[in-house]
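Coordinate-derived values only; no laboratory data. Every value quoted in this text rests on a predicted model; they were computed, and no experiment measured them. A quick note on method: Cβ atoms are made from the backbone with ideal geometry, for glycine too, and the neighbour counts reach across all protein chains shown.
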Amino acid sequence: MPPELRAAAAREESERRAATHTAEVARALALERAGTAPPEAAGPAEPEPQWVRNAPARLTRLGAARRILRSVAARRPANSATEVRLTRLCSQRCRQCAIPWGAVPAETISLEQFRRLAANLRQYGAAAGFISGGEPSLHPDLPAIFEEALRTFPLACTVNTNLDNREELIRERIGAGVRMGVNVQTSIDGLDDLGDDLRGGSGVSARVLRHMEMLSEIKAASGSPSVLYVNTVLNRRNLRQIPQILEAVKSRGWRSSIGSYHNLTRHTRRDNDLFLEDDAELRGVIADLLRRPELMTLPEMLRGLPTYLAGEMPRRCPYLDAPVLASRLLIRENGDVYLCKGKPIGNALRQDLAAIFAGPAYTERLREYADCPGCWNNCYTQKLLLVKPPSARVALENVRFSLGLGRYRRGTS
Ligand code: SF4
Ligand code: SF4
């Protein structure tokens with residue numbers, strides 16, 4: 001395509017994104033100001049299923065360990081990592097993400113539905129949880145959701161937020177999580193104009209950095225053990241800015257983790273400008289990242305990226321290679337349960353999780369994954385590298401990494 005046509009198409013796409021963005025966020029914020037959840041959240045009252053009655057009120061670490069052993073014995077996923085998406089409404093329109101572009105009106109899980117989902121997870125067993133969106137700070141009941149999530153995920157509970165909302169909502173809702181000990185993960189993929197272009201907004205990185213400072217103050221004042229960190233997704237546009245981004249994050253007292261742009265699942269958007277290549281620039285960035293011990297990304301994840309991009313990495317799939325310990329679940333705002341690619345394997349608001357894993361859709365998905373060429377992705381590969389390291393050297397590195405993270409949580413590093 002000639003450059004002028006490409007520029008015109010890019011301008012048109014950007015204007016379209018901005019228009020939809022403005023309308024959706026205005027709607028979300030109007031609901032906020034009215035103090036109500038989106039109307040579709042309420043839904044008709046449903047009879048209380050058995051798993052709600054049977055679920056323990058709180059899952060302790062001992063209880064979680066017992067349930068994991070039960071799943072190991074039954075050779076089914078132990079549910080070590082579960083992401084629960086509260087809404088697809090979002091205050092940003094990132095170039096890499098398809099989440100806010102779904103059907104209108106958007107669904108948002110209600111507090112009652114979240115409690116039911118949490119009961120299902122406690123009954124089955126769960127270890128670490130991620131509360132995500134869309135943007136979770138748009139949810140009016142977020143503090144109550146955190147309380148429930150902390151009763152459900154005894155190992156760690158993390159909120160994934162873009163920190164790009166009104167300051168008082170970040171303070172009230174995400175700040176409440178920090179006071180309770182919820183970890184916070186946010187994202188900065190670019191500073192200033194680049195950040196705005198990648199995130200589909202205006203003044204994004206400055207606002208996010210300001211909100212990070214505010215949360216650091218809340219953490220310090222409350223003595224909270226929350227881990228605060230920024231995930232930066234490497235893409236072809238931001239490689240030159242990576243050192244600057246990492247310094248901006250570090251100077252606010254936050255940690256960093258590193259991901260890489262991909263278009264593997266239905267929740268991501270294809271953008272040909274963002275795909276990475278195995279070239280000298282990427283290798284230089286990786287070499288620099290490996291010299292930064294403060295990063296919360298396994299060194300093997302960083303080292304393996306160029307090899308993966310060059311097509312030389314053997315296929316590794318957590319769902320097939322270590323299904324019991326490395327399977328990650330995504331539960332959407334309507335209760336649908338996803339593994340990675342493909343259709344849902346069930347609905348956690350209507351079926352108990354043990355029945356979902358015993359069902360035909362779970363088996364069918366695994367059969368489909370046998371044809372997947374593989375991935376190299378924080379959400380999936382990193383867990384597999386932890387539970388099934390490819391060498392003794394990587395196993396040792398993983399131990400050092402986990403001990404370092406533990407020291408950070410205890411405030412001794
Ligand atoms: S990546 Fe996150 S912040 Fe960006 S549009 Fe998607 S849900 Fe929103
Ligand atoms: S290798 Fe497995 S985890 Fe990775 S994209 Fe394929 S199915 Fe998903």
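Please pick out the residue among LEU86, LEU59 that is closer than 27 Å to GLN382 by Cβ, crowded, with 24+ Cβ neighbours inside 10 Å and within 15 Å of the chain's Cα centre (by Cα).
Numbers: LEU59 fails: within 15 Å of the chain's Cα centre (by Cα).
Result of the check over LEU86, LEU59: LEU86.
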Query raised in the report: Listed residues ARG367, ARG328, ARG350, ARG316; which is under 24 Å from ARG116 (Cβ atoms) and within 13 Å of ligand 2 (Cβ to nearest atom)?
Result: ARG328
Query raised in the report: Got at least one residue in region 149-157 being touching a residue at least 60 places away in the same chain (Cβ under 8 Å), within 16 Å of ligand 1 (Cβ to nearest atom) and more than 16 Å from the chain's Cα centre (by Cα)?
Result: no
Query - Of all residues in region 343-355 being surrounded by 16 or more Cβ atoms within 10 Å (Cβ to Cβ) and part of a loop (DSSP other than H, G, I, E, B), the one that is farthest from ligand 1 (Cβ to nearest atom) - result: ASP352
Query raised in the report: Given (1) within 16 Å of ligand 1 (Cβ to nearest atom); (2) in contact (Cβ under 8 Å) with a residue 24 or more places away in the chain, where does ARG270 come up short, assuming only one miss?
Result: (2)
Report task. Working carefully through the options THR82, THR87, find the one that is within 16 Å of ligand 1 (Cβ to nearest atom) and hydroxyl-bearing (Ser, Thr, Tyr). Result -> THR87
**Report entry** Close pairs (7 angstrom Cβ cut-off, 6 or more residues apart or separate chains): surrounded by fewer than 20 Cβ atoms within 10 Å (Cβ to Cβ) in region 302-318, among the hydroxyl-bearing types (Ser, Thr, Tyr) anywhere
**Finding:** MET313/THR307
Report task. Determine whether region 270-280 contains at least one residue that is within 16 Å of ligand 2 (Cβ to nearest atom), among the aromatic types (Phe, Trp, Tyr) and touching a His at 6+ places or on another chain (Cβ under 9 Å). Result -> yes
Report task. Kindly list, by first and then second residue, each pair from a residue in region 356-380 that is assigned to a loop (DSSP other than H, G, I, E, B) to a residue that is within 16 Å of ligand 1 (Cβ to nearest atom) and not β-branched (Val, Ile, Thr), limited to pairs with Cβ atoms under 6 Å and residues at least 6 apart or on different chains. Result -> CYS375/LEU264; ASN377/HIS262; ASN378/GLY259
Report summary line: Of the candidates LEU121, LEU59, LEU89, LEU117, the one satisfying the condition of being within 22 Å of SER327 (Cβ to Cβ), in a loop (DSSP other than H, G, I, E, B) and more than 16 Å from ligand 2 (Cβ to nearest atom) is LEU59
Query - Check on ASN235, more than 22 Å from PRO136 (Cβ to Cβ), within 20 Å of the chain's Cα centre (by Cα) and in contact (Cβ under 8 Å) with a residue 24 or more places away in the chain - result: yes
